[in-house]
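Step one of this worksheet: look at the structure below.
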Amino acid sequence: MKFDEQECGTLKRAGFSVADDHEAAYLEALVVIGAHDNETLWLTITLQNDMRVVCALPRDETIVAINEND
């Protein structure tokens, strides 16, 4: 699935570089993972326009995903 033109424009305004095939967007940003509770981590991405994207992640699955390539 590809980003449509509106999504590409929005991502670019937020500081992302959108791939030529519009299937991915890249960003150099400050990323913080914080422990929320026993089951959840919060992933916070600070965008270049000072907005923040916050995602709730399952703790166990996140740690497994990080360790997969070890």
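The values are calculated or read from the model by the stated rules, or taken from the named source; none is laboratory data. Computed from a predicted structure; not experimentally measured. When the accessible area is computed, the model is the full protein with side chains, heavy atoms only, and any ligands, DNA or RNA have been set aside. Shrake-Rupley method; radii C 1.70, N 1.55, O 1.52, S 1.80 Å.
What relative contact order, as a whole-number percentage, does the range 1-63 give when Cα pairs under 8 Å and 6 or more residues apart are counted?
Details: 90 pairs, mean separation 14.4, N = 63.
Worked out over the range 1-63, it gives 23 percent.
The structure shown yields Kirkwood radius over Cα pairs in Å, and of the options [x] 12.4; [y] 17.4; [z] 13.7 that calculated value carries the label [z].
What does the accessible area per residue of the chain come to in Å², with a 1.4 Å probe and no ligands, DNA or RNA counted? Display every interim value, and only then the final one.
Numbers: 5680 Å² over 70 residues.
Ligands and nucleic acids excluded, the figure is 81 Å² per residue.
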